Amino acid sequence: MPELNLKQISDRLNAEFTGDARKLVFWFDAEAEFVDDIGTLRLDNARILPLDPHDQFYTKYFLERVDTTTNYLVYCPFPKPAIRDNHLADTIRYSKEFFADRASLLALDLGIDERLKPVVEHYIKFFGEKKRAQAFYDLELDSYTRNSIEIGLMSVLCKNKTTSFEDVARRVVTDGELDENAYLAKFAEFDLLQPFWRHMESTFGYCDQNPTLSKFIMTAFATYAAKSIPADMPAKWKPFVSGKAGNLIAFLDSLMNSFLYSTRFDELAEYAYTALGVSEQLSKLPLDALTDCCLFKGIDLMLIRWMIERLEDEDVAAKLNGKTIPALCAQRRKKHYGSLFHDAYFVLENAFHIIAPGVYTPVSGIDRIAK
C-alpha cells in the first residue's frame, strides 16, 4: 500500500492515543488488507500487539494483568468474532475500536470524489498489491471519473505509463494473442473485462453480444477498407463496418506506420485477409478502386498480376485509375508493402522500358506519359 495511506492511518491512530490516560484500541481488519503493512506503522505513544484468534485468553490476561499501563493497538487480521466466541468482548467494551477501509483511504489520498468511492470499492482487489497500487498512483491522473479510473487500472495491467484507452487497445492486440489473450485474462481477474469491451464500443464503435479480439480486428480492417476503397463494399463486410471509422483508421495507421508495430500489423492484416475472405471479395471489385489501398499485401499481388498480363500483351497504354504501369509501380513502392514487393515493381518498370523504350520518362520525380 502506498506510504501516504499508511501515514493517514498512523496520523489517525496517533490522535487516538493522545493524553495521559491509558488507552486500548482494537482494529479488526476483516480481510487482512493491512497485514503486510502493520509492521511499518509508526505510533508515537502506543505499541502494536498483533492478535492471533487462538490467543484471546492470554491477550486478555496480558492487557489486564501483565501490562496495565502501556497503550496498545491490538491488531486483529480477521473478522470480529460473535460475542459468544469473543473472549475479549468486555475488554473491547471499555476500549475503542478503529476502522480503516482501504477504499476510503485510497479515495481520500488520491483526491477521488466521495461519490466515486463505490468505484474504488468495486476494484479494491486491484489495490491489494503494493506494486499495482503504486503504479496507479504514478499515473497521476488529472481528474477522476469511472472511465478514467477504469482506463488507469487497465493501463497499469498493460504496463503502460500513460492513460489512454487507445494505448491499452494497442498493447492488447500487439503484445498478445487474439485467442486466450493474457491481458484480457488479467482484466477478467480484476473484473475489468466488461469495462474493456464497453470502452471498445465507445472508442472504436465495436459492439458485439459476444465480443472477441478476432472480430474487433475484422471490424477494424473492414472499416478501413470501406473508407479507402471507392467502391461498394461486399455485403459480407457491411456488418463489420463501424460508425467510428476515423478512430479505427487512426488506430490501424499507428500500427502500420510504426517501426515497433508494423510487423504485428502485417500479421493482423493477414488474419483479417483470411477471415474476411478478402481475396474472393476484392476480385468482385474493379481493380481501379484498389490502387490507393495498402491494407493487404494481396492487393499488391493482384496489381502485379495485372501488370504482368498487360506487359505480356505489350499493352503499354494500359492504365489503372489514370496511372500507367511505371507510375503505378512508383506509387506502390511508397506504400506499406512497397519494401516487400520492391524487386517485383522494379522488374516490372524496367520490363516496361524494354518493351516500350522512350515511351515513359520521369520528370522532376513526377511520373507521366511522354507526349
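In summary, the aspartates and glutamates within cross-link reach of residue 60, defined as a Cα separation below 17 angstrom excluding same-chain residues under 8 places away, comprise 52, 85, 90, 97.
Figure legend: label point modelled 7 angstrom from the Cα of residue 238 along Cα→Cβ; residues of region 265-303 with amide N under 17 Å from it are 281-282, 284-285.
Here the simple spin-label model places points 7 Å from the Cα toward Cβ, and for residue 62 and residue 78 these points are separated by 1.5 nm. Based on protein heavy atoms only, region 135-225 ends up with 44 Å² per residue of surface accessible to a 1.4 Å probe. For region 83-191, what is the relative contact order in percent, using Cα pairs closer than 8 Å and at least 6 residues apart in sequence? Answer for region 83-191 is 17 percent. Peptides 285-298, 17-30 ranked from most to least packed by the mean count of surrounding Cβ atoms within 10 Å: 285-298, 17-30. Highest GNM mean-square fluctuation among 267, 121, 312, for the chain modelled with Cα contacts below 10 Å: 312. Between region 298-338 and region 186-246, the C-alpha centres lie 32 angstrom from each other. With a threshold of 25 Å on the Cα-Cα distance, the over-threshold entries among 7/159; 161/335; 161/186; 227/297 are 7/159; 161/335.
Under a GNM of the chain (C-alpha, springs under 10 Å), which listed residue has the highest mean-square fluctuation: 269, 182, 351? Evaluated over the chain, the most mobile residue of the options is 351. Packing around the peptides 208-219, 232-243, 144-155, 168-179, taken as the average count of other Cβ atoms within 10 Å per residue, puts them in this order, highest first: 144-155, 168-179, 208-219, 232-243.
Round to a whole number: what % of the accessible area of the chain belongs to carbon and sulfur, probe 1.4 Å? Of the solvent-accessible surface of the chain, carbon and sulfur hold 52 percent.
Counting only aspartates and glutamates at least 8 places from residue 131 when in the same chain, those with an alpha carbon closer than 20 Å to its own are 3, 31, 33, 36, 37, 101, 109, 121, 140, 150, 189, 191. The simple spin-label model puts a point 7 Å past each Cα toward its Cβ; for residue 52 and residue 14 those points are separated by 3.2 nm. Averaged per residue, region 256-340 has 48 square angstrom of accessible surface, using a 1.4 angstrom probe with ligands and nucleic acids left out.
Among the complete DSSP H segments of the chain, which ones combine at least 18 Å of alpha-carbon extent along their axis with a mean Kyte-Doolittle hydropathy of 0.5 or more?
Values: long enough: 3-16 (20 Å, -0.89); 213-228 (22 Å, 0.68); 262-275 (19 Å, -0.56); 297-312 (23 Å, 0.25); 342-355 (20 Å, 0.57).
The qualifying helices are 213-228, 342-355.
Between 329, 239, 291, the Cα set farthest toward the positive side of the dipole of region 215-371 (charges on each charged residue's Cβ, about the Cα centre) is that of 239.
Using a simple spin-label model with pseudo-atoms 7 Å out from Cα toward Cβ, residue 37 and residue 100 lie 0.6 nm apart. Pairs of Cα atoms nearer than 8 Å and 6+ residues apart set the relative contact order; for the chain it is 10 percent.
The values are calculated or read from the model by the stated rules, or taken from the named source; none is laboratory data. What you see is a predicted model, and the numbers here were worked out from it, not measured in a lab. Note: ideal-geometry Cβ built from the backbone for every residue, glycine included; neighbour counts use all protein chains shown. Accessible surface is based on the protein model in full, side chains and every heavy atom, while ligands, DNA and RNA are left aside. Shrake-Rupley method; radii C 1.70, N 1.55, O 1.52, S 1.80 Å.
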